[in-house]
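S.K.: Questions regarding the structure given below will be posed in turn.
The values are calculated or read from the model by the stated rules, or taken from the named source; none is laboratory data. Remember, it's a predicted structure, so these values are computed and weren't measured experimentally. As a convention, Cβ positions derive from the backbone with ideal geometry for all residues, glycine included, and neighbour counts pool all protein chains shown. Note: accessible area is taken over every heavy atom of the protein model, side chains too, but ligands, DNA and RNA are not part of it. Shrake-Rupley method; radii C 1.70, N 1.55, O 1.52, S 1.80 Å.
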Amino acid sequence: MAELRRNKQSLSKQRHLIAFYKPKSTTAEQFRTIRSNVDFSQVDSELKTIMLTSSGPGEGKSTSSANLAVVMAQQGKRVLLIDADLRKPTMHYTFRLSNTEGLTTLLRKLTTFDDSVKKTEVDNLFVLTSGPIPPNPAELLSSVGMASFIKHALTLFDTVIIDTPPILAVTDAQVLANLCDGAILVVRSGVAEKEAALKAKDLLTKAKARILGVILNAKPINKGSDYYYYNYYGND
C-alpha cells in the first residue's frame, strides 16, 4: 500500500509539472509559447512580477502558474513562484515541500526569507509556499510587509510569479494586481462560464491590472493525448 501511494503521488506530481517531467509534450510546448508571448509583451516595459488568477475554482490556475514558472526557469531566469492563495494553497503539494513555514510566517516575521523560500528540483526555480492558512488573508496580502517583500524578492530573482485565489470569490487577486507588472486570466474549457470570465476581466481592469491575456486550458484534442493549452494575449 505504501508503494502504491508513493507511485500515485509521483504520477500526480508529474501530471502537474508536465513542463518539467514531459518537456517534449504538446502541453509543455504550449507553455513555452506562453513564455514567448510574455517575453514579446515586454517591448514597452519590463515584466518582472506576473500574477495568475481565474474566475472560479478548479480552472487550473495553480497548475498553469507552476508550469509557467518551470519554463521560465528553464530559460535560465532565476524564478520565484509564490503561493498567494492563502485559502486553498496547493504549491506545497505540487512540489512536495513542507508548508509549516511560508508566505504567512514570513509576513508575520515568524521566519526569515532564507527559511521560507525553498529550492526545487528544477534548476533556477524557487518556491515560497503559502505557510499556515491565516484568518485574515486579504489583510496580509494588502499589508506594507507584502509590498516590501516583493520589492526585496526582485533584487534576488529575475521573475516573480504569483498564484492568487479566484478573483470572483475573494478580493485577494485584486489587491495583488496593484503589486504586479502583469496579470494572466486562466479559463478552463467546459467549466468557466463566459459571463464569469468577462466579470473576472472587468474586476482586473478595475484593479488597474495590466492584463497580458488568457490561458484556455483543458481543451482535449486526440484521445489519450495531453491537454491542449491555448494562449491568447491582448485586451480585445
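S.K.: Sort through SER65, SER54 and tell me the only one that's farther than 22 Å from THR155 by Cα and among the polar types (S, T, N, Q).
M.R.: The unique qualifying residue is SER54.
S.K.: I want to confirm something. Restricting to segment 117-158 and keeping residues that are among the charged types (D, E, K, R) and over 18 Å from GLU101 (Cβ atoms), which single residue is most open to solvent (accessible area, probe 1.4 Å)?
M.R.: Among them, the one singled out is LYS151.
S.K.: Could we say that ARG87 is more than 24 Å from ILE34 (Cβ to Cβ) and either open to solvent by less than 20 Å² (accessible area, probe 1.4 Å) or of a type outside the set (Ser, Thr, Tyr) (or both) here?
M.R.: Answer is yes for this residue.
S.K.: Tell me, which strands (runs of 3 or more DSSP E) lie completely within segment 59-134 with 1 or more residues that are under 12 Å from the mean Cα position of the chain (by Cα)?
M.R.: Counting at least 1 such residues, we get 79-83, 125-128.
S.K.: So, THR27, is that one open to solvent by less than 50 Å² (accessible area, probe 1.4 Å), modelled with pLDDT of 95 or more and in a helix (DSSP H, G or I) or not?
M.R.: no
S.K.: List, please: which pairs have Cβ atoms under 7 Å, are six or more places apart or on different chains, and start with a residue in segment 163-179 that is in contact (Cβ under 8 Å) with a residue 40 or more places away in the chain and end with one that is among the basic types (Lys, Arg) and in a loop (DSSP other than H, G, I, E, B)?
M.R.: Cβ pairs passing all conditions: PRO165/ARG87; VAL170/ARG87; ALA177/LYS208.
S.K.: Taking VAL38, is it of a type in the set (A, V, I, L, M), touching a strand residue (DSSP E or B) at 6+ places or on another chain (Cβ under 8 Å) and at pLDDT below 95?
M.R.: The answer is yes for VAL38.
S.K.: ASP172 - would you say it is farther than 14 Å from THR49 by Cα, open to solvent by less than 10 Å² (accessible area, probe 1.4 Å) and either at pLDDT below 95 or out of contact with any Phe, Trp or Tyr (no Cβ under 8 Å at 6 or more places or on another chain) (or both)?
M.R.: For ASP172, the condition - farther than 14 Å from THR49 by Cα, open to solvent by less than 10 Å² (accessible area, probe 1.4 Å) and either at pLDDT below 95 or out of contact with any Phe, Trp or Tyr (no Cβ under 8 Å at 6 or more places or on another chain) (or both) - is met.
S.K.: Still on this structure, I have one more. Can you pull out the residues in segment 84-121 that are within 27 Å of GLN174 (Cβ to Cβ), touching a Leu at 6+ places or on another chain (Cβ under 9 Å) and of a type in the set (Val, Ile, Thr)?
M.R.: Hits for segment 84-121 are THR94, THR104, VAL117.
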